[in-house]
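A.B. asks: Mind having a look at this structure? Questions to follow.
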Amino acid sequence: MKEVFEEATNQLNEQHPLVIATVIKTKGSTPQKPGAKLLVRDDGSGVGTLGGGCVEGDIWYAAKQLMKNHGSAKTIGYELNEEIAAQDGLVCGGTMYFLVDPIYEKGQEALFLDEINGAYLGGEPVALASLVKTIPEIDAKLGGKLLIRSDGSIEGSLGKEILDSEAIEHGIELMAYGNSKYVRSKLGAEYFVEGYTTPPRIILCGGGHVSRAIYTFAVNLGFNLTVIDDREEFANKKRFPSADVVVASSSPEGFKSMEINKNTFIIIATRGHRYDHVSLEAALNTSASYIGLLGSKRKTILIYEELLNKGINIERIKNVRAPIGLDINARTPEEIAISIMAEILMVRNGGEGNVMKLDSNLLNKTSAKVFRNKTDVKIGP
């Protein structure tokens, strides 16, 4: 999404109108999830994607027509039935809802864009609430905006104080990880809230085999990477070429020069008990929302005892993921890395880590349906 907002700012600076189409809600299986965006320029070109295929083509056309007619923001529902999905080689069968939002000139939207771009570049996180269903009782049009900062201050309005107050609570909650949420208010109005922050960062304390495997997956998943190891042979750009930062020092010293926020995930996988201990102690003094420790339960307990003896708050220790990762009976560095990255994604995306296997009851119903269809087939004379 970062490139969409950067391009929106560029277009407005050059006095070009644009439309941003956003997936605000989905039902069933769809090619994109809420938050996906497509920016359409006045020349018909675009940045971003809504999943491709005829869905994106239709929304693209609607965006161009909106600009041509100088229309206002609108919502569009799009049902992906089997025929439409098959045309694009998809197996989706859900419904997608879009906010198609034009910006014709600089104004309050430019301020919103500046603050969103600033959040991506390391500034304070922000959230933006957009009104997607209005009611007569509120003083705002569809597409009305409320910018929410981390300190609770705001710009704009959804048209009623009670809506703004509700959106502020959601926005502050969502901005930490850059997540989004569709909200139906008690008043009947509906709005979509998106959080914006720096890209997620993983800090690897230790540059050994497991960290090298984690690095490969993390880079492909779009995480920024920082590697810290006091051994130069394990902390260098040749070993971690795509890492954003590689620091040859101890973890406590390395943390001092870093901006660590709630969208930071610290993985402690150093070369020994003593280094794990000091790294974990230093990590607990940061604002990272995820701290994981690689090792056995026995090692974990020994380190916890040392930290408790030092007066570290037990509630803070309880938040440590140790032993780190989801239980997939991992053995190799690559398997352990998958276990760890799966847990990080679960935490960041609000998942539960449950098995997604189709329920047996649904399979039985499908089997019964197939059997009925077979027995209903009439054989000609």
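The values are calculated or read from the model by the stated rules, or taken from the named source; none is laboratory data. Everything numeric in this text was worked out from a predicted model, so none of it was measured. Counting neighbours? That spans all protein chains shown, and the Cβs are built from the backbone with ideal geometry, glycine included.
A.B. asks: Starting from region 2-26, take each residue that is in the same structural domain as residue 61 (by TED's automatic domain parsing) and list its partners that are acidic (Asp, Glu), counting only C-beta distances under 6 angstrom and pairs at least six apart or across chains.
C.D. replies: From residues that are in the same structural domain as residue 61 (by TED's automatic domain parsing), the pairs are 16/42; 17/42; 20/101.
A.B. asks: Follow-up. Look through 2, 68 and report the one residue that is within 21 Å of residue 182 (Cα to Cα) and modelled with pLDDT under 95.
C.D. replies: Unique residue meeting the criteria: 2.
A.B. asks: Among the residues of region 304-328, which ones are on the phi < 0 side of the Ramachandran plot and more than 33 Å from the chain's Cα centre (by Cα)? Steps first, please.
C.D. replies: Step one: of region 304-328, the residues on the phi < 0 side of the Ramachandran plot are 304-310, 312-324, 326-328.
If the condition is that a residue be on the phi < 0 side of the Ramachandran plot and more than 33 Å from the chain's Cα centre (by Cα), then 305, 306, 308, 309, 310 are the ones that fit.
Yes/no per residue for (1) buried (at least 21 other Cβ atoms within 10 Å of the Cβ); (2) among the β-branched types (Val, Ile, Thr):
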| residue | (1), (2) |
| --- | --- |
| 127 | yes, no |
| 145 | no, no |
| 148 | yes, yes |
| 156 | no, no |
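A.B. asks: Take the residues in region 93-109 that are within 23 Å of the chain's Cα centre (by Cα) and among the aliphatic types (A, V, I, L, M), then tell me which one is nearest to residue 29 (Cα to Cα).
C.D. replies: 96
A.B. asks: So is residue 8 in a strand (DSSP E or B), touching a Leu at 6+ places or on another chain (Cβ under 8 Å), within 22 Å of residue 194 (Cα to Cα) and not β-branched (Val, Ile, Thr) or not?
C.D. replies: no
A.B. asks: Please tell me if residue 339 is modelled with pLDDT under 95, among the polar types (S, T, N, Q), under 30 Å from residue 178 (Cβ atoms) and surrounded by 11 or more Cβ atoms within 10 Å (Cβ to Cβ). Before the answer, list the steps.
C.D. replies: Numbers: modelled with pLDDT under 95: no; among the polar types (S, T, N, Q): yes; under 30 Å from residue 178 (Cβ atoms): yes; surrounded by 11 or more Cβ atoms within 10 Å (Cβ to Cβ): yes.
No: the conditions fail for residue 339.
A.B. asks: Give me a count of the residues in region 256-298 that are over 24 Å from the mean Cα position of the chain (by Cα), in a helix (DSSP H, G or I) and among the hydrophobic types (A, V, I, L, M, F, W, C).
C.D. replies: 3
A.B. asks: Which numbered condition trips up residue 259, out of (1) touching a Phe, Trp or Tyr at 6+ places or on another chain (Cβ under 9 Å); (2) of a type in the set (Asp, Glu); (3) touching a residue at least 60 places away in the same chain (Cβ under 8 Å)?
C.D. replies: (1)
A.B. asks: Follow-up. Out of curiosity, is residue 40 at pLDDT 95 or above and either over 19 Å from residue 132 (Cα atoms) or in contact with a His (Cβ under 6 Å, 6 or more places away or on another chain) (or both)?
C.D. replies: When the stated conditions are applied, residue 40 passes them.
A.B. asks: Go through region 263-301 residue by residue and tally those that are under 30 Å from residue 174 (Cβ atoms) and surrounded by fewer than 18 Cβ atoms within 10 Å (Cβ to Cβ).
C.D. replies: Total meeting the criteria: 5.
A.B. asks: For region 331-363, give me each residue that is in a loop (DSSP other than H, G, I, E, B) and within 18 Å of residue 269 (Cβ to Cβ). I'd like the intermediate steps shown before the answer.
C.D. replies: Filtering region 331-363 down to residues in a loop (DSSP other than H, G, I, E, B) leaves 331-332, 350-359.
If the condition is that a residue be in a loop (DSSP other than H, G, I, E, B) and within 18 Å of residue 269 (Cβ to Cβ), then 331, 332 are the ones that fit.
A.B. asks: I need the full set of residues from region 306-329 which are over 24 Å from residue 261 (Cα atoms) and either crowded, with 17+ Cβ neighbours inside 10 Å or touching an Asp or Glu at 6+ places or on another chain (Cβ under 9 Å) (or both), in order please.
C.D. replies: 306, 310, 328, 329
A.B. asks: Quick check on region 4-40: of everything there that is in contact with a strand residue (DSSP E or B) (Cβ under 6 Å, 6 or more places away or on another chain), among the charged types (D, E, K, R) and under 24 Å from residue 68 (Cα atoms), which residue is surrounded by the fewest Cβ atoms within 10 Å (Cβ to Cβ)?
C.D. replies: Residue satisfying both the conditions and the ranking: 7.
A.B. asks: Looking only at region 182-197, which residues are touching a helix residue (DSSP H, G or I) at 6+ places or on another chain (Cβ under 9 Å) and crowded, with 19+ Cβ neighbours inside 10 Å?
C.D. replies: Once the filter is applied, which keeps residues that are touching a helix residue (DSSP H, G or I) at 6+ places or on another chain (Cβ under 9 Å) and crowded, with 19+ Cβ neighbours inside 10 Å, region 182-197 yields 189, 191, 193, 194, 195, 196, 197.
A.B. asks: In addition: Would you point out which residue out of 379, 324, 328 is outside any helix (DSSP H, G or I) and modelled with pLDDT under 90? Give the steps one after another, and end with the answer.
C.D. replies: Details: 324 fails: modelled with pLDDT under 90; 328 fails: modelled with pLDDT under 90.
On inspection, the qualifying residue turns out to be 379.
A.B. asks: Restrict the check to region 283-305 and report whether at least one residue is under 14 Å from residue 228 (Cβ atoms), of a type in the set (S, T, N, Q) and not assigned by TED's automatic domain parsing to the domain that holds residue 177.
C.D. replies: yes
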